[in-house]
Structures are given as structure tokens and as C-alpha cells.
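Let me begin by presenting the structure, written as C-alpha cells, before commenting on it.
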Amino acid sequence: MDVTKTLREIIPIMETNKLWYRVFGGVAVDGYLKEVSRQHSDVDLLILEEEIEKIKEALKKYQVEVLEHKIFIMIEGVEVALARFAEGEEGYYFTILPTHKWPRKLLEPTEIVFEGIKFTAPSKEFLLSIKMPSSIEKKISKIEEILLISVPILTLLKNIDFLLKNGKK
């Protein structure tokens, strides 16, 4: 899977059709780092909800799968996930998560070059802000996993302690 080929194909389509987009995720992070930190299996783009029909038309040569919160296409075996974003009075938000808004300045276009390909990305702050929830979610999930194991054990230990203290007759 070569994300550079995919970027070389998708970015000109977005630019030629004057579509609002921001490359985010691992590819954008590597663009900021100016090095490839790991092998990427997908390309993530933010797109505006109001441009969905224009985007579907621009990408009609690909098999387009439209979901409530994302659009997926495959280019040369690489998945391109187009996250549906909207602009409100208070800033931008994922259509699936309308309560969390990002200020416009975090999504101002930043030109990035990744493996010789120029594209538009959001700010570093935005990239960090969207990575935080998933890392926190993983930590919470791990804590819940530990609690699922430890709570029954603690309950059992308390019961044993109670029986030992009160004696079983």
C-alpha cells in the first residue's frame, strides 16, 4: 500500500474541483515531522458536509461508500476516509460529534509537503486535539478492564473477610 500514490491522485481532484479539505491523521503528522514515522495504511481527509454532492461527483470514478459520518473510497488498495465536517457559528465540528467545536483558526489551511506531495492540513493543535480523545478512551477502557476483573475479586475478598471475622457456623 502506497499512500503517496493515493495522495498524488486524491489531492489534485480536491484542488481542481476547489473542494475544502484538510489532510489529517498520521500522514499530516508525518508531514509536520518532515519524515515518515511509520507505514500508513490509509489517508484521512476532513471535508465539508455542504460539499458532499460535489465530492461524490468529483470522486465518481471510484467506488464511493457514503456513511452517516464518513465517506470511504479505495485508491490503489489504500483506504481514503473522508470525515464529514461542518461549520457552525462557533467553529467547525465533526457531523457525528456536533457538541465539540474547534475554533476556525485551528483549521486554517497549512501547506504541508509529504514525500514530495503538497497538500493542505489543519494546525498541529487540531491534530493533537483529535488524538487526545482516543488516547484517553484507551486509558479509560484499560481502567474499566481492570475494574471488571478486580471488583469481583474485591467483593469475594470482602465476603471471605466477613466470613472469617464473623465465623461460619
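The values are calculated or read from the model by the stated rules, or taken from the named source; none is laboratory data. What you see is a predicted model, and the numbers here were worked out from it, not measured in a lab. Neighbour counts run over all protein chains shown; Cβ positions are idealised from the backbone, glycine included.
Starting from residues that are hydroxyl-bearing (S, T, Y) and surrounded by 14 or more Cβ atoms within 10 Å (Cβ to Cβ), keep the ones in the stretch 22-64 and report whichever is nearest to P122 (Cα to Cα).
Applying the filter and picking the extreme gives Y32.
Just need a number here: residues in the stretch 31-64 that are within 16 Å of V78 (Cβ to Cβ), in contact with a strand residue (DSSP E or B) (Cβ under 6 Å, 6 or more places away or on another chain) and of a type in the set (D, E, K, R).
The total comes to 2.
So, in the stretch 75-101, of the ones that are under 24 Å from L7 (Cβ atoms) and in contact with a Ser or Thr (Cβ under 8 Å, 6 or more places away or on another chain), which residue ends up surrounded by the most Cβ atoms within 10 Å (Cβ to Cβ)?
Among those that are under 24 Å from L7 (Cβ atoms) and in contact with a Ser or Thr (Cβ under 8 Å, 6 or more places away or on another chain), it is F85.
Take the residues in the stretch 65-74 that are within 17 Å of Y21 (Cα to Cα) and hydrophobic (A, V, I, L, M, F, W, C); name whichever of them is surrounded by the fewest Cβ atoms within 10 Å (Cβ to Cβ).
Only one residue fits best here, namely V66.
Which of (1) under 19 Å from S41 (Cβ atoms); (2) surrounded by fewer than 17 Cβ atoms within 10 Å (Cβ to Cβ); (3) at pLDDT below 80 does I130 not meet, given it meets every other one?
(2)
When you look at E111, is it modelled with pLDDT of 90 or more, in a strand (DSSP E or B) and loosely packed, with under 12 Cβ neighbours inside 10 Å, yes or no?
yes
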